[in-house]
Amino acid sequence: MHNELYARLHGALLAAAAGDAMGTVSEGFAPEFLRSRYGGYIRDLLEPTGDGLTINAHAGMVSDDFSVAYYTAQVLLEHRSRITTALAVEGLRRWWQHPEYTCYCGPSTKRGILKLLGEADDGDPARLSPTLATNGGGMKAGMMGLFHPGDPEKAVEDAITMCLPTHSNPISLSAACAIAAAAARAFCPNTGYLDLISAGLCGISQGLEQSAGRTSEIAGSSVARRLELAVELGLRYQGDFEQALFQIGDTVGAGLYAYEAIPAAFGILAACKGRLMDSLVMAVNMGSDADSTACMLGYVLGAWNGDAELPPHFSDLIDSQNGFDLKAMAAGICAVVKEGIC
């Protein structure tokens, strides 16, 4: 069981990092443009082009999507503790010391960190802006599913603790809880891909319930309803990869907002029946906020499939380009889970 848990934890970490790194190449572009540029689908860790959204990046480098969670997990392992608000803040502060990743910082995360640094006013009416309903909670909350394998409810609780300092609105938080819950459920025995979707929907409901009264209401679409729409499209086009990609991307979107990228991730999961690499490839080639969508899928489906599904060269390239040690992190999480620390 220890070896299986380790393989699933490493698979989740590596797939999330790989999805982010693959998606940095396609982020911000339209799928039609990507198809024309690359003569087909992006399926590997490629060198970014100069006209994209990357900054001084190379093949295998991640962006803010995976790196925020990585440094937060590092803090939790050092303290050998379940996440607290103080440790979530410590993780953010550590991440803030890495300009190679903070250069990608989204509006909600940036505002939250500036508030922690005393440079933003919590009473500022900007906190009610619909532009803050972003997917930055979802991109890091998958990590909480890894610290609570098989326990979606605890994953949701910790996702809220992790994300409140930067994403204190019900849209972002509930979307983050969908990813955390699905990632945790992926470790349960006898779990099918439809069970992962159900876990995501339950996570949204639990996230809304548990965050009530602790957040600022802002305008935006229902994450749950758009997730159901995305899944409906994914199931309808399961036999047609290209149609699924375009139908989900055109109808639901895969952009910066939490009510786009998180529903799109579950629609892709449905379209690909939970196959890891097919799902990452679809997310990456959907463009828009591709690195976030693919990163979130990586947590869920890497945990569900394990690390054997990923190309062998991904691990060394990602570790070397980012100064990571994902195998050591997987072993560390495995140890604290086994000891019942989290």
Notebook entry, point to check: Does segment 7-42 hold any residues that are in a loop (DSSP other than H, G, I, E, B) and closer than 30 Å to LYS327 by Cβ, and which are they?
Noted result: GLU27, TYR41, ILE42
Margin query: Give me the helices (runs of 4 or more DSSP H) completely within segment 274-342, filtered to those with at least 3 residues that are touching a residue at least 40 places away in the same chain (Cβ under 8 Å) and among the hydroxyl-bearing types (Ser, Thr, Tyr), ordered by residue number.
Written below: 290-305
Notebook entry, point to check: Do we find that MET144 is touching a Ser or Thr at 6+ places or on another chain (Cβ under 9 Å) and more than 25 Å from ALA271 (Cβ to Cβ) in this structure?
Noted result: yes
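For every residue, the table says whether it meets (1) farther than 23 Å from LEU317 by Cβ; (2) at pLDDT below 95; (3) touching an Asp or Glu at 6+ places or on another chain (Cβ under 6 Å).
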residue: TYR6; (1), (2), (3): no, no, no
residue: ALA21; (1), (2), (3): no, no, no
residue: VAL25; (1), (2), (3): no, no, no
residue: TYR41; (1), (2), (3): no, no, no
residue: VAL62; (1), (2), (3): no, no, yes
residue: GLU100; (1), (2), (3): no, yes, no
residue: PRO107; (1), (2), (3): yes, yes, no
residue: GLY112; (1), (2), (3): yes, yes, no
Check: So, of the residues in segment 1-31 that are touching a Pro at 6+ places or on another chain (Cβ under 8 Å) and within 22 Å of LEU245 (Cβ to Cβ), which turns out to be surrounded by the fewest Cβ atoms within 10 Å (Cβ to Cβ)?
Finding: VAL25
Checklist line | Condition met for ARG127 (of a type in the set (Lys, Arg), touching a helix residue (DSSP H, G or I) at 6+ places or on another chain (Cβ under 9 Å) and either at pLDDT below 95 or under 28 Å from GLU4 (Cα atoms) (or both)) | finding: yes
Item checked: Qualifying positions in segment 42-69 - of a type in the set (Ser, Thr, Tyr) and buried (at least 17 other Cβ atoms within 10 Å of the Cβ) -> THR54, SER63, SER67
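The values are calculated or read from the model by the stated rules, or taken from the named source; none is laboratory data. Fair warning: this is a prediction, and the values are worked out from it, not measured in the lab. Positions of Cβ are backbone-derived with ideal geometry, glycine not excepted, and every protein chain shown enters the neighbour counts.
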